[in-house]
Amino acid sequence: MKHVTEFRDPALAKSLLAEIARLTRQIGATRARPVHIMEICGGHTHAIFRFGLNMLVDEGVEFIHGPGCPVCVLPMARVDECIEIAERAGVIFTTFGDAMRVPGTRGSLLQAKARGADIRMVYSPLDALEIARRNPEHQVVFFGLGFETTTPATAFAIQTASREGLENFSVFCNHITVPEPIRALLNDPHMQLDGFIGPGHVSMVIGTHAYDFIARDFGKPIVVAGFEPLDLLQSVAMVLRQIAGRRAEVENQYARIVPEHGNPASIAAMADVYARRPSFEWRGLGEIDASGLRIRDHYARFDAEVRFGVGYGAARRPVPEPEGCACGAVMTGRIKPTACPQYGRGCTPDMPLGALMVSSEGACAAYWQYGGMRGRDATPAQSVS
């Protein structure tokens, strides 16, 4: 298929793999002392396992899975608050499908729906707007969740609701940003990271300069990457070239999609609708300064936190992780999913303890679906086509 097959060309893949092997030897990396490259985006994690890239690259390269799955980094308390809103009389709660099966302390949104709450899966906030137009007697709430990729669409929906005077629509805003948790990881003295593969979809919105601090302040190379096999292999080679040349720069492998300065219309909409929260809670990382977005005061009538008195607008209680659940350690790259004591035992796609097993970008889901690892001690499959 045009514009896909050219990014899956076997001859080009072999050439890139040979270059990766050559650069790995030049650097002196080995299986015992590998180069640690973190792919920030969960979509990249799934692509790496889907195409078996983790088993094709030289053994001196180790992929570290980062906190780039917005559903996965959502604390259990946020899920509890979603259910609290959804179970109120007269509320229609709308959400992306990824969030339906994420467990909180009172079960998931899917289980709350089974108990009788009117919870509907939508494909965009515009779907939620249409539900609000058709149900003026109900309060329709959209679960605004995601990184900068989905944040503009929610902003456009709020602007549209404001123009139309649609007073029965609101957003439970849990949008978060990518650069801040990366800074938090780099400030962790226990993290061993040599370079980054930067997120493609997020960068399409915010551009590449948002990552300048990674190279400038921490001396680590980062390459913004696409999602096809050759995109990722080329990005790994570009990171290794920087390391071999003792350089640390922001490079853009995904230039066919990602503009240097981002998308002006999206950036303007976000600036109009959102302000930075002083801090926001991340699963596995705790509170991170200026990493979450709230709805600005002039759109407060569309803010579900204000309307329902939940979230960061109200008193919050800490919610501990389930016993034995290592989601936080997996999301921050400290351990692989199979090192979690619950993986494949107490936590499976049918009965998940954490979001990483059910999110379409979760690392545990990638290992389960593509890695041939259906138990903690299972041996991975040799290849994935």
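The values are calculated or read from the model by the stated rules, or taken from the named source; none is laboratory data. No experiment lies behind these values; they were computed from the predicted model shown. Virtual Cβ from ideal backbone geometry, glycine too; neighbours counted across all protein chains shown. The accessibility values were calculated without ligands, DNA or RNA, using every heavy atom of the protein model including side chains. Shrake-Rupley method; radii C 1.70, N 1.55, O 1.52, S 1.80 Å.
As a fraction of the 1.4 Å probe accessible area of region 92-211, surface on carbon and sulfur atoms comes out at 54 percent. Rounded to the nearest Hz, the phi-derived 3J(HN,Hα) couplings of region 31-44 under the Karplus curve 6.51 cos²θ - 1.76 cosθ + 1.60 (θ = phi - 60°) are 4, 6, 10, x, 7, 9, 10, 8, 8, 5, 8, x, x, 5, where x marks glycine and proline. Packing, as the average of other Cβ atoms within 10 Å across residues, places the peptides 88-98, 140-150 in the order 140-150, 88-98, highest first.
Taking Cα atoms only, the orientation of helix 125-134 departs from the longest principal axis of the chain by about 20 degrees. In deg cm²/dmol and to the nearest 500, what is the mean residue ellipticity at 222 nm of the chain if only DSSP H runs of at least 4 residues count, each as -39500 (n - 2.57), divided by the residue total? After summing the helix terms and dividing by the residues of the chain, the value is -10000 deg cm²/dmol.
Relative to the 2.2 N^0.38 Å rule of thumb, region 274-364 has a C-alpha radius of gyration ratio of 1.33. Most simply put, the chain has about 20% antiparallel DSSP beta bridges, counting only bridges with both residues inside it. Taking every alpha-carbon pair under 8 Å whose residues sit at least 6 apart, the chain reaches a relative contact order of 21 percent. The amide H of residue 58, built 1.01 Å from its N in the peptide plane, has 21 as neighbours under 5 Å, considering only residues 5 or more places off or on other chains. Relative to the longest principal axis of the Cα atoms of the chain, the long axis of helix 76-86 lies at roughly 30 degrees. Carbon-plus-sulfur accessible fraction, region 1-45 (probe radius 1.4 Å, protein heavy atoms only): 58%. Put simply, the amide H of residue 282, placed in the peptide plane, has neighbours under 5 Å in 287, 288, leaving out anything fewer than 5 places away on its chain.
Which residue, 320, 179, 125, has the most motion in a Gaussian network model of the chain that connects Cα atoms within less than 10 Å? Between 320, 179, 125, it is 320 that shows the largest mean-square fluctuation. Expressed as a whole percent, the accessible surface of region 220-304 that belongs to carbon and sulfur atoms is 50, based on a 1.4 Å probe.
What whole-number value in Å² describes the accessible area per residue of region 191-271 for a 1.4 Å probe? Ligands and nucleic acids excluded, the result is 38 Å² per residue. Rounded to whole numbers, the Karplus 3J(HN,Hα) couplings from phi for region 279-290 are 7, 8, 7, 10, 5, x, 10, x, 6, 10, 4, 6 Hz, using 6.51 cos²θ - 1.76 cosθ + 1.60 with θ = phi - 60°, and x at Gly and Pro. Look at where the Cα atoms of region 271-315 and of region 142-185 average out, and the two centres are 10 Å apart. Annotation: peptides 105-115, 256-266, 222-232, ranked by per-residue average of other Cβ atoms within 10 Å with the highest first, follow the order 222-232, 105-115, 256-266.
Accessible surface area normalised per residue over region 10-75 is 40 Å², counting heavy atoms of protein chains with a 1.4 Å rolling probe. Taking amide hydrogens as placed 1.01 Å from N in the peptide plane, the amide H of residue 198 sits under 5 Å from those of 223, 224, 225, each at least 5 positions away in sequence or on another chain.
Rounded to the nearest Hz, the phi-derived 3J(HN,Hα) couplings of region 254-260 under the Karplus curve 6.51 cos²θ - 1.76 cosθ + 1.60 (θ = phi - 60°) are 9, 5, 5, 10, 9, x, 3, where x marks glycine and proline. For the chain, the longest principal axis of the Cα atoms and the long axis of helix 229-244 meet at an angle of about 60 degrees. In terms of packing, defined here as the mean over residues of other Cβ atoms within 10 angstrom, the peptides 290-303, 66-79 line up highest first as 66-79, 290-303.
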